[in-house]
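Notes follow the structure.
Please treat every number below as a calculation from the coordinates, not as lab data. Everything quoted here is computed from the prediction, not taken from an experiment. Note: ideal-geometry Cβ built from the backbone for every residue, glycine included; neighbour counts use all protein chains shown.
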Amino acid sequence: MNRRAKAIGVHKCSGANTGTIFGMFLWETGVIMLSSLLLVALLLFNFREPLEDMLDVSLAGLFSWENIWAPLSVIVILFMIGGMLPGQLFARIPVTQVFRRYTEGKKGWKRPLLFVQFAGTSFIFGLLGLVLMQSHYITNKERGFDYHRVAYASGISFDSDAESDANRSVMLSLPYVEDGACSGNLLTDGLSGEGVTTDNGQWMSMRWVEFGKDYAPFMKLEFAEGKNMDAPGQILVNETFLKMMHWEDKPIGRQVRNGDRIAGNIVGVLKDFATSNAAYVAVQPMYATYLDRFSGNIQLRLKEPFDDNLKRLNEDMEKLFPTRDIVFSSFQKVIDNQNSTVTDFRNAALLAAITILFVTLMGLIGYINDEIQRRSKEIAIRKVNGAEASSILRLFSKDIFWISLPAVFLGGLGAWYIGGVWIEQFVEGVDFGICGFLLIACIVLLLIIGCVVFKAWRIANENPVDSIKSE
């Protein structure tokens, strides 16, 4: 505004009235905001799918009449601050005051804003570092079974054992099918609840599922001891089941029952694997009984390329079973959906980090440019008196350093606290530690000082005559 003051004075001297000055600022602000809105629309159009996945709502729903008031309010507030406020100020200031000498060295309101921006940058980048590490850990965590290249179809049933066996042979004979098996539920859906009675008569809630005879080797479930089921009346349990029942010692052959009802005898112990959302639910005690028919959740492991073969599989199912609704889906997508809360938060944090970085850099660069312009004559005199370029750079860096140092470490501590609260929702969290947040704060500090040096490099190495010749 102080740079525009003389230009506005010239307009007024040339006959511009109050309405002309006010309209000029409104017009300039309107053009800038319109350009910004067009850019936003372009970004929304090009990144529509990832945004809808992240927000879990369509863009049409996001900008419905019930929600449109929020972005419109932001636009109105920005227009008032950027156009109406300076327009009103300059329209009312007399010409005699417009031409007065303004002081540009008032930094009382600039430094707190820089402090907030630096602290916010350190906070969001610290949080982003934790989120990226936790997201990588969750998405790459071993679940204890192999779901890669597996397609599944739920709720399948056949009228007889003969029909079931025939249809199993048909599916496994398809050239792009590598192997197949069935279970009562997908391993990731939490399984069914079932009661089990302990040796002392106590009732305990366990997870229960039915496995076909080939399901454990098909999903590559590892055995801690014992063997796979091959007949009704046999049961597989996991290690957590044994711990809950206090049966760690010689579990093979033990009888699993619920009151007077006998579920079967244990023939094998499976190593623990995730039976629900592995990010938020700990390994649950479970047991599996024998499924003697190829039905329930049919799962096929396809050859590569998986997506093409999945499409071919569904086309063949429609031809082979025209009266049945057999549709196969990707097991990988089930895992991805369970991880979506983590990955969506990661994407949101990444967008926020990029946004606040741009805001901070714009604020910092604007502050440095103002300081360079305000102190250009001072710098020239210093150089005439023997000051080196390095001392000029230190002059600018020192001012920013004492603002940014407490800000970035305060932001890092805030990220450490909030990150600790966020990580508590997971069963297992990465060990990031406060040192990781402080390291990110130091990197942000170096980025800030580097930006200062980069912007001040020209004036520090400029011939002082160029700065003072117009004086």
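Summary of values
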{"item": "Förster radius 60 Å - calculated FRET efficiency between E378 and A224 (Cβ-Cβ, nearest 0.05)", "result": "0.20"}
{"item": "Unit charges on C-beta of K, R, D, E only; dipole of the stretch 248-290, Debye", "result": "120"}
{"item": "Protection-proxy order for peptides 47-55, 32-40, each taking the mean of Cβ atoms within 10 Å per residue, highest first", "result": "47-55, 32-40"}
{"item": "Whole-number Å³ per residue for the convex hull built on Cα positions in the stretch 306-374", "result": "123"}
{"item": "Calculated SAXS-style log₁₀ I(q)/I(0) at q = 0.13, 0.16, 0.18 Å⁻¹ - the stretch 1-102, Debye, Cα scatterers", "result": "-0.61, -0.76, -0.86"}
{"item": "Principal axis box of the stretch 372-471, alpha-carbon based, largest edge first, Å", "result": "68, 18, 15"}
{"item": "Other-chain or far-sequence residues with amide H under 5 Å of G268's (modelled H)", "result": "K227, I235, V237"}
{"item": "Cut-off under 5 Å, modelled amide H: who pairs with G429 long-range", "result": "none"}
{"item": "Segment Y417-D179, extension gain: residue separation times 0.36 nm, minus the distance between their alpha carbons", "result": "80.9 nm"}
{"item": "Extended-chain gain in nm, criterion 0.36 nm per residue less alpha-carbon gap, E142 and A70", "result": "21.7 nm"}
{"item": "Largest-first ellipsoid semi-axes for the stretch 150-303, taking √(5λ) over the Cα gyration tensor eigenvalues, angstrom", "result": "28, 17, 14"}
{"item": "Computed label-point distance, nm, for sites L89 and Q425 using a 7 Å Cα→Cβ extension", "result": "4.2"}
{"item": "Relative contact order (percent, whole number), the chain, Cα cutoff 8 Å, 6+ residue spacing", "result": "22"}
{"item": "Listed residue pairs exceeding 29 Å between alpha carbons, taken from K227/K311; K220/K311; K213/K250; K377/K398; K271/K319; K141/K243", "result": "K227/K311; K271/K319"}
{"item": "Residues F409, F401 arranged by fewest to most Cβ contacts within 10 Å", "result": "F401, F409"}
{"item": "Extension gain (nm, one decimal) between L172 and H246, 0.36 nm per residue minus Cα-Cα", "result": "22.6 nm"}
{"item": "Calculated over the chain: convex hull of Cα atoms, volume per residue (Å³)", "result": "234"}
{"item": "Per-residue [θ]222 nm for the chain (sum of -39500 (n - 2.57) over DSSP H runs n ≥ 4, rounded to 500)", "result": "-18500 deg cm²/dmol"}
{"item": "Cα→Cβ-extended label distance, 7 Å offset, between T343 and D56, nm", "result": "1.5"}
{"item": "Residues whose placed amide H lies under 5 Å from that of G195, excluding near-sequence neighbours", "result": "M206"}
{"item": "Modelled FRET efficiency - R0 22 Å, T323 with S192, Cβ distances, 0.05 increments", "result": "0.15"}
{"item": "Förster radius 56 Å - calculated FRET efficiency between N200 and F158, Cβ distance, rounded to 0.05", "result": "0.85"}
